[in-house]
Amino acid sequence: KILIIGACGQIGTELTTKLREIHGVDNVVASDINTRNLDLVNAGPFVILDAKNFNAIKDCCINNNIDTIYLMAALLSATGEKYPMEAWDLNMNSLFHVLNLAKGGQIKKVFWPSSIAVFGPTTPKENTPQHTICEPTTVYGITKQVGERWCEYYHNKYGVDVRSIRYPGIISHKAMPGGGTTDYAVEIYHEAIKEGKYESFLSKNTNLPMMFMDDAIKATTTIMAAPSEKINIRSSYNLSAISFTPQEIAESIKAEMPNFKISYKPDFRQAIADSWPSSIDDSEARNDWNWSHDFNLRNMTSEMLIQLKKKYKY
Ligand code: VAH
């Protein structure tokens, strides 16, 4: 059976639903530190689980006959700058706990998300290669870079089948992101419908790699279903779909909501965004496990507005 740690998060929420569609509700145990997403809690097996507690994770795996773990719990880039030691503690110790359970043979397969946050100001910004300079300047980026090193080490040294993707910014409408720098690209849709305007905390020309959630979920289930011998990168795969600026996403909203107004007031997250690349070369993922994205900016905006208009009874 599958255990999702951090199932109430932005990705975890939709990953849980998708994995239950594929594997059956009763074969997917969702877990989180609290029950903040009651729809998810009531939709299938759910346990309260502290990702920092090794024995709690181990007992949960034994009691529920778990052989696969998706570790989706983390403190993201903006939060990590406010609480560095908490971000290191959660992001790293949760990974060690899961890797050690896999090393011990209890767990057969692990998914662990990395991020474009592993790249820093010295990384080539356009079409960032799979293998390149990684000198992240955020706590979150450091945890993801070091986490990738540990994933590759546990695979090479102990044969652990851990697979990882460097997610770009992810846009979704079912669950809000928590404490990320790319969160502006989610907030903007909600504000467009609720207020007809949005003040962006990133400047108008901040070009970042982004992806609609359906594509991120597709990549996650695809890499995990691929035969082990196809997985040539055991640190973490570059993954790419679209890149856009706050101005461009605002234009895509205005095309459907002509009265929408955007303004810009960069805050501390501008420096984080400026340290990240603008576009990513993901040819290894496309070659090794047949990755391809489906959503561009126009159809992502169309889907986001349709779904959020329903949510807000617009
Ligand atoms: C963040 N959404 O903003 C996350 C992600 C690349 C961005 O890592 O921190």
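The values are calculated or read from the model by the stated rules, or taken from the named source; none is laboratory data. This one's a predicted model, so the numbers in the text were calculated from it and none came from an experiment. Cβ sites come from the backbone with ideal geometry, for glycine too, and all protein chains shown count toward neighbours. Heavy atoms of the whole protein, side chains included, go into the accessibility calculation; ligands, DNA and RNA do not. Shrake-Rupley method; radii C 1.70, N 1.55, O 1.52, S 1.80 Å.
Using only the C-alpha atoms of the chain, find the volume of their convex hull and express it per residue in Å³.
Numbers: hull volume 37.4 nm³, N = 314.
Expressed per residue, the convex hull around the Cα atoms of the chain is 119 Å³.
How do the peptides 134-145, 221-232, 197-208 rank, highest first, by the average count of neighbouring beta carbon atoms within 10 Å per residue? Intermediate results must be reported in sequence, preceding the final value.
Working: 134-145: 22.6, 221-232: 13.5, 197-208: 18.6.
Most protected by this proxy first, the peptides run 134-145, 197-208, 221-232.
Rounded to the nearest 20 debye, what is the charge dipole size of the stretch 1-128 about its Cα centre when +1 sits on each Lys and Arg Cβ and -1 on each Asp and Glu Cβ?
Numbers: 11 positive and 12 negative charges, 58 e Å.
That gives the stretch 1-128 a dipole magnitude of about 280 debye.
Treating cross-link reach as a plain straight distance, find the lysines whose alpha-carbon is under 21 Å from the alpha-carbon of K125, omitting any fewer than eight places away in the same chain.
Correct list for K125: K144, K204.
What is the dipole size for the stretch 177-314, taken about its Cα centre, with +1 at each Lys and Arg Cβ and -1 at each Asp and Glu Cβ, in debye to the nearest 20? Walk me through the numbers on the way to the answer.
On the way: 16 positive and 19 negative charges, 109 e Å.
So the magnitude is around 520 debye.
Which percent, to the nearest 5, of DSSP beta bridges fully inside the chain are antiparallel?
On the way: 3 of 33 bridges.
Bridges in the chain that DSSP calls antiparallel: roughly 10 percent.
Using Cα pairs under 8 angstrom and six or more residues apart, how large is the relative contact order of the stretch 64-203, in percent? Display every interim value, and only then the final one.
On the way: 197 pairs, mean separation 37.0, N = 140.
RCO, the stretch 64-203: 26 percent.
Report, by chain and number, residues whose modeled amide H sits under 5 Å from the one on Y237, excluding near sequence neighbours (fewer than 5 apart, same chain).
For Y237, whose amide H was placed from the backbone, the distant partners under 5 Å are S164, I165, R166.
How high is the relative contact order of the chain, in percent, counting Cα pairs under 8 Å that sit 6 or more residues apart? Before the final figure, lay out the partial values.
Numbers: 626 pairs, mean separation 57.5, N = 314.
In percent, rounded to a whole number, it is 18.
If amide hydrogens are placed 1.01 Å from N in the peptide plane, which non-local residues have theirs closer than 5 Å to the one on T128?
Counting only residues 5 or more places away or on other chains, the set is S279, I280, D281.
Which one of P129, F268, V98 is farthest out on the positive end of the charge dipole of the chain, using unit charges on Cβ (Lys, Arg +1; Asp, Glu -1) and the Cα centre as origin?
V98
What angle do you read, to the nearest 10 degrees and between 0 and 90, between the alpha-carbon axis of helix 213-225 and the longest principal axis of the chain?
It is inclined by approximately 20 degrees.
Which ³J(HN,Hα) values, rounded to whole Hz and listed in residue order, are derived for the stretch 138-144 from phi using the Karplus coefficients 6.51, -1.76 and 1.60 in 6.51 cos²θ - 1.76 cosθ + 1.60 with θ = phi - 60°, glycine and proline given as x?
Computed from phi, the couplings for the stretch 138-144 are 10, 4, 4, x, 4, 5, 6 Hz.
What's the angle, to the nearest 10 degrees (0 to 90), between helix 297-311's Cα axis and the longest principal axis of the chain?
With rounding to tens, the tilt is 90 degrees.
Please report, in debye to the nearest 20, how large the charge dipole of the stretch 54-212 is about its Cα centre when each Lys and Arg carries +1 at its beta carbon and each Asp and Glu carries -1 there. Mind showing how you got there, number by number?
Working: 15 positive and 15 negative charges, 80 e Å.
The dipole of the stretch 54-212 has a size of about 380 debye.
In a Debye calculation with equal point scatterers on the alpha-carbon sites of the stretch 78-168 and no solvent, what is log10 I(q)/I(0) at q = 0.12, 0.22, 0.25 Å⁻¹?
Those come out to -0.39, -1.08, -1.23, one per q.
Quick check on the chain: helices-only [θ] at 222 nm, where DSSP H runs of length 4 and up contribute -39,500 (n - 2.57) each and the sum goes over total residues. Nearest 500, please.
Values: 12 runs with 136 residues, N = 314.
That calculation yields -13000 deg cm²/dmol at 222 nm.
Of the accessible area of the chain, with the probe set at 1.4 angstrom, what percent is carbon plus sulfur?
On the way: 6420 of 13030 Å².
After summing per-atom areas, the C and S share lands at 49 percent.
Residue farthest toward the positive end of the dipole of the stretch 1-117, with Cβ of Lys/Arg at +1 and Asp/Glu at -1: which of A43, N64, W88?
After comparing all options, I get N64.
For Cα pairs less than 8 Å apart in space and 6+ apart in sequence, what is the mean separation divided by the residue count of the stretch 157-314, i.e. the relative contact order in percent? The partial results should precede the final answer.
Numbers: 230 pairs, mean separation 54.2, N = 158.
So the answer I get is 34 percent.
Using a 1.4 Å probe, what is the accessible area per residue for the chain, in Å²? Intermediate results must be reported in sequence, preceding the final value.
On the way: 13030 Å² over 314 residues.
Dividing the accessible area of the chain by its residue count gives 42 Å².
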